[in-house]
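These notes concern the structure reproduced below.
The values are calculated or read from the model by the stated rules, or taken from the named source; none is laboratory data. Since we're looking at a predicted model, the values are computed, not measured. All Cβ positions, glycine included, derive from the backbone under ideal geometry; neighbour counts span all protein chains shown. Only protein heavy atoms, including side chains, enter the accessible area calculation; ligands, DNA and RNA are left aside. Shrake-Rupley method; radii C 1.70, N 1.55, O 1.52, S 1.80 Å.
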Amino acid sequence: MPAAETQTGPQSPHVTGNAPPRLSHLRLLEAESIHILREVASEFERPVMLYSVGKDSSVMLRLAQKAFYPAPIPFPLLHVDTGFKFAEMLTFRDEMARSIGAELLVWRNEQAIAAGTNPIALDTKRCCGLLKTQALLDALRHYNFDAAFGGARRDEEKSRAKERIYSFRDSAGQWDPKNQRPELWNLYNARIHPGESIRVFPLSNWTEMDVWQYIHEEKIPVVDLYFAKERPMYVRGDELLPIEQSFVARLGEQPQMVKSRLRSLGCSPCTGAIRSDAETIPAIISELISFRSSERANRAIDHDQEGSMEIKKREGYF
Amino acid sequence: MSMLAAPTFSIDEFLQQEREKDLLRFSTAGSVDDGKSTLIGRLLYDTQSVYEDQVRSIEGKGTTAPGQIDFALLTDGLRAEREQGITIDVAYRYFSTARRKFIIADTPGHEQYTRNMATGASTADAAVVLIDASKGVLIQSRRHAYIASLLRVRHVLVAVNKMDLIGYDEAAFRAIEADFSAVLDQIAADTGNPVERIVVPVSALKGDNIVHKSNAMDWYKGPSLLELLETVPPSVDTRTAPFRFPVQRVLRPDHTFRGFAGQIASGTIRSGDAITVLPSGRSARVERIVTWDGDLTEAIAPLSVTLVLDRELDISRGDLVVSSETPATVSKSAKAALVWMDQRPLELHRRYLLKHTSQTVPVFVTSIGHRTDLGTLNHEPARTLHMNDIGSVTVNLLRPIALDAYEENRSTGAFILVDAETNGTVAAGMISAAYSETAAGAPLLADAWGPLTAGEKEARWGHRGAILELKGPKELVDAIERSLFAAGAVPVRIEAGDDAFVLHPSLLEIATALQVRAGLLALVVDANEASTLIARIEGREAIVNAADMRDADDTDDANDARRAGKAVAAVHQLLRDAGVFISSEMAGL
């Protein structure tokens, strides 16, 4: 555990001095998430952690290291690669898995990728359906995973606010929001029939602010794309589109250098950047305080139509 | 959040302040009519916890006057909810102020959603109960308050909403306050859980006393709803409660390390403390409290840690580590309040799975004490519990577990029931009394023992008492006896040809009657050389002609096995038809 040693210090973050010990909201969230990770690892036969390389995945991965320390993480990581992820994300992903000694599986819908699937040729909805949802369902089936951790949070989006921590999926991977299992206390129902599965969200109760504060406090490495620097972008009004994929360019469009960063990491053709000077995590947190837009406002895929996230989730999306 | 972004803003100060923030979980319940969504929307909006794009997405929609934002639209997440204008399921919402981070469990208020209210209340430290000032105390408010009390939500904040509709009238408010106080006292007397209540007059629509104090009600001197939420003590302080640590997982990365991973349910643990592992009762001392961030000398609930003990004990997932001075009760039988959550009603003596802390144990509900009418708080006799019913029951577990009363411990006193066939979560349970297993100790919690009932015995054996007569080849009788035993039944075999019984036929009757009364399956056997097996029970009969099943091409062993299988299946079917098995799983064998 190379990353672990550097942060292990004599001072405990849990209990301070002589004052009556009181746990901060981050310690409480951490304890809850670790409990969930351990429950799943103990109750399912083949769990897997969806690792998307983003900030939430980074936090989830650190929590997994903590949950099983000093034992290794007892399940593999799975990255669903659409072929449109930023090159920096892939480098970071491989380096991270290597440094913590985790088993990393990568799954791509090669057939759809070879057929030239992209969000401009198709619409974003169908593109996501093939490269993300279909690929995910295929991977889960291929490896026979019965539980899959995801880093989704309830504060991200309206339909996610209604998600359970253990989200039951039928044998086709579908979510039925009107018929969810009641979930009381911290007693999770892990019983499933063959073919069914559970999506597990250990970060359900975290907010975007909690995630950044935790990354700051715990010194968790994140992809450089989150930090502001001069990057070539297609500028379309308020929108900044990374030049990662050439096909997104419109006729005659020239990229400009803009000091910018990504607030959430998705596929490069569908993830807009924001103008920003935030080069450090405190600067990002500071920026977050002044933000008046939600983090997924720059994700084209959430806004295709009213309730589009709910529809995607019903079909098997995270 | 942006209230902090003043010119003097310092990120270091902000992070320090954040580090000191604690967390309050509260539940709300109500429907669109009583303004619950509006109240939550208002809390989120006025604390600047809603982003501009979220407000933009609902502007001009909804049912409020032009130019006014319909806050309810901020909170109804599912398409069906927006289409029908109702809240169906629990939604979780997050906001924070300079003092505290909040998690709201936002639940629907109608009777058919009692189970969702219970879900929301199960993790809440406080409940905001809404009363429509123009209507007074309605059943919905009573129901929510009852569930909050039953699930031991300590603080009930009563928001008397729509004060604008009654002209901000103090007298009307005081009347509602008095009415509801009486209701809360009645509820506390029924559930046994005291309720700390504070009543606030508000108008969610106009923003009166939600975040900011209202100018329209000078007569109200108390704090706004948000000020209350910021100051009520957070989660019940369990640091001084007896130490409870359910083992989730044994960590054994190599032969030098063996640690027990779990989340502290209550109390404090220090290295060197004496602990006992239940249900085995073995003791040891804590040698290390291991975390990724380094060893701790002390850890408090609800931290997730890993304990290393000073000696080798056989411990596995589901065991409860407790302080040796204040152990929990080890029991196979408990009284509990049950909130039924499934379409299919409760079946007495049907096998369910009980999940308690980190273990799952088969269980039978053996009796229903009463059902509570939430309108009148009357206790009614009941033969079953339907969806959203709340009742008091006795559960018998097939294996002893370590537990506490829910009023003592919200973690080790709670359980859920899972239907072993559908896998659905069918009930939430709160233990009110447990019967101690230890012979030396009196029952830990006051409750009558009473004579052992037939139901309790049936719950243990998985079948009722009955006499099964078997006449036929000995090897088939043996196979039947073995198969019943393998299925968990308690068959007791009597050879009818025994000399004593031949001499005194009434002895056979007495012996079998005693066995039946003890809930045992009496097999009265008359083994002979015939090729036909005859099984009889309570006027039903099954005849298996073994000779018909010979296949000349097969080996003798294969023929014997097929014959035995046929006879066993026929007898099991006979027992099922006679209704002997109470456990559907056993009946399936």
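A:LEU130 is checked against (1) open to solvent by less than 50 Å² (accessible area, probe 1.4 Å); (2) of a type outside the set (Gly, Ala, Ser); (3) touching a residue at least 12 places away in the same chain (Cβ under 8 Å) and fails just one. What number does that condition carry?
Checking A:LEU130 against (1) open to solvent by less than 50 Å² (accessible area, probe 1.4 Å); (2) of a type outside the set (Gly, Ala, Ser); (3) touching a residue at least 12 places away in the same chain (Cβ under 8 Å), the one that fails is (1).
Hey, among the residues in the stretch B:498-521 that are closer than 25 Å to B:HIS572 by Cβ and assigned to a loop (DSSP other than H, G, I, E, B), which one's least open to solvent (accessible area, probe 1.4 Å)?
B:GLY519
Quick check on the stretch A:244-254: of everything there that is free of Cβ contacts under 8 Å to residues at least 24 places away in the same chain and open to solvent by less than 60 Å² (accessible area, probe 1.4 Å), which residue is nearest to A:ASN118 (Cα to Cα)?
Checked the stretch A:244-254; the qualifying residue nearest to A:ASN118 (Cα to Cα) is A:ALA249.
Only residues in the stretch A:29-50 that are without any contact (Cβ under 8 Å) to a residue 40 or more places away in the chain count as the first member; pair them with residues that are assigned to a loop (DSSP other than H, G, I, E, B) and among the basic types (Lys, Arg), Cβ under 9 angstrom, at least 6 apart or cross-chain, and list the lot.
A:SER42/B:ARG317
Against the conditions (1) more than 14 Å from every other protein chain (Cβ to nearest Cβ); (2) touching a Pro at 6+ places or on another chain (Cβ under 7 Å); (3) in contact (Cβ under 8 Å) with a residue 60 or more places away in the chain; (4) open to solvent by less than 30 Å² (accessible area, probe 1.4 Å), where does B:VAL321 fall short? Just the number, please.
Only one criterion is unmet by B:VAL321, namely (2).
Can we say B:GLU196 is within 26 Å of the chain's Cα centre (by Cα) and open to solvent by 10 Å² or more (accessible area, probe 1.4 Å)? Walk me through it before giving the result.
Values: within 26 Å of the chain's Cα centre (by Cα): yes; open to solvent by 10 Å² or more (accessible area, probe 1.4 Å): yes.
Against the criterion (within 26 Å of the chain's Cα centre (by Cα) and open to solvent by 10 Å² or more (accessible area, probe 1.4 Å)), B:GLU196 qualifies.
For the stretch B:288-298, what are the residues that are within 14 Å of B:ASP273 (Cβ to Cβ) and buried (at least 20 other Cβ atoms within 10 Å of the Cβ)?
B:ILE289, B:LEU296
Every residue, every condition in (1) open to solvent by 40 Å² or more (accessible area, probe 1.4 Å); (2) closer than 18 Å to B:LEU320 by Cβ, yes or no:
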position	(1), (2)
B:SER224	no, no
B:ARG270	yes, no
B:SER283	yes, yes
B:VAL286	no, yes
B:ILE300	no, yes
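Give me the residue from the stretch B:103-157 that is among the charged types (D, E, K, R) and within 14 Å of chain A (Cβ to nearest Cβ) and, out of that set, surrounded by the most Cβ atoms within 10 Å (Cβ to Cβ).
Taking the stretch B:103-157 as the starting set, the residues that turn out to be among the charged types (D, E, K, R) are B:106, B:111, B:115, B:125, B:132, B:135, B:142-143, B:152, B:154.
Checking the rest, the ones that are also within 14 Å of chain A (Cβ to nearest Cβ) come to B:106, B:115, B:125, B:152.
On the way: B:ASP106: 27, B:ARG115: 25, B:ASP125: 18, B:ARG152: 22.
It comes out as B:ASP106.
Could you check, for the stretch B:312-322, whether at least one of its residues is closer than 20 Å to B:HIS463 by Cβ and of a type in the set (Lys, Arg)? Before you say what the answer is, go through the steps one by one.
Going residue by residue through the stretch B:312-322, those that are closer than 20 Å to B:HIS463 by Cβ are none.
The answer is no; no qualifying residue exists.
Pull up the stretch B:251-280, narrow it to residues that are free of Cβ contacts under 8 Å to residues at least 40 places away in the same chain and part of a loop (DSSP other than H, G, I, E, B), then point me to the one that is farthest from the other protein chains (Cβ to nearest Cβ).
Step by step, filter the stretch B:251-280, then rank; the result is B:SER280.
Please identify the pairs in which a residue from the stretch B:475-494 that is of a type in the set (D, E, K, R) has its Cβ atom under 6 Å from the Cβ atom of a residue that is not in a strand (DSSP E or B), counting only partners at least 6 apart or on another chain.
Here the result reads B:ARG493/B:GLU481, each pair linking the stretch B:475-494 to a residue that is not in a strand (DSSP E or B).
Pick from A:ARG181, A:ARG191, A:ARG169: which is within 16 Å of A:ARG314 (Cα to Cα), at the interface with chain B (Cβ under 9 Å from one of its Cβ atoms), surrounded by fewer than 23 Cβ atoms within 10 Å (Cβ to Cβ) and in contact with a Gly (Cβ under 9 Å, 6 or more places away or on another chain)? First the steps, then the outcome.
On the way: A:ARG191 fails: within 16 Å of A:ARG314 (Cα to Cα); A:ARG169 fails: at the interface with chain B (Cβ under 9 Å from one of its Cβ atoms).
Being within 16 Å of A:ARG314 (Cα to Cα), at the interface with chain B (Cβ under 9 Å from one of its Cβ atoms), surrounded by fewer than 23 Cβ atoms within 10 Å (Cβ to Cβ) and in contact with a Gly (Cβ under 9 Å, 6 or more places away or on another chain) holds for just one of A:ARG181, A:ARG191, A:ARG169, which is A:ARG181.
Give the residues of the stretch A:19-50 that are over 20 Å from the mean Cα position of the chain (by Cα), buried (at least 24 other Cβ atoms within 10 Å of the Cβ) and either more than 9 Å from chain B (Cβ to nearest Cβ) or farther than 17 Å from B:LYS355 by Cα (or both), sorted by residue number.
Result: A:HIS25, single match.
With the structure loaded, tell me whether B:VAL286 is touching a residue at least 24 places away in the same chain (Cβ under 8 Å), assigned to a strand (DSSP E or B), more than 10 Å from every other protein chain (Cβ to nearest Cβ) and on the phi < 0 side of the Ramachandran plot or whether it fails that test. Lay out the reasoning, then the answer.
Numbers: touching a residue at least 24 places away in the same chain (Cβ under 8 Å): yes; assigned to a strand (DSSP E or B): yes; more than 10 Å from every other protein chain (Cβ to nearest Cβ): yes; on the phi < 0 side of the Ramachandran plot: yes.
Answer is yes for this residue.
Conditions tested, residue by residue: (1) touching a helix residue (DSSP H, G or I) at 6+ places or on another chain (Cβ under 7 Å); (2) open to solvent by less than 40 Å² (accessible area, probe 1.4 Å); (3) within 18 Å of B:ARG115 (Cα to Cα).
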{"position": "B:MET341", "(1), (2), (3)": "yes, yes, yes"}
{"position": "B:LEU348", "(1), (2), (3)": "no, no, no"}
{"position": "B:VAL365", "(1), (2), (3)": "no, yes, no"}
{"position": "B:GLY369", "(1), (2), (3)": "no, no, no"}
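Find the residue count for the stretch A:133-151, including only residues that are over 14 Å from A:HIS79 (Cβ atoms), open to solvent by less than 40 Å² (accessible area, probe 1.4 Å) and either in contact with a helix residue (DSSP H, G or I) (Cβ under 7 Å, 6 or more places away or on another chain) or polar (S, T, N, Q) (or both).
Selection size over the stretch A:133-151: 2.
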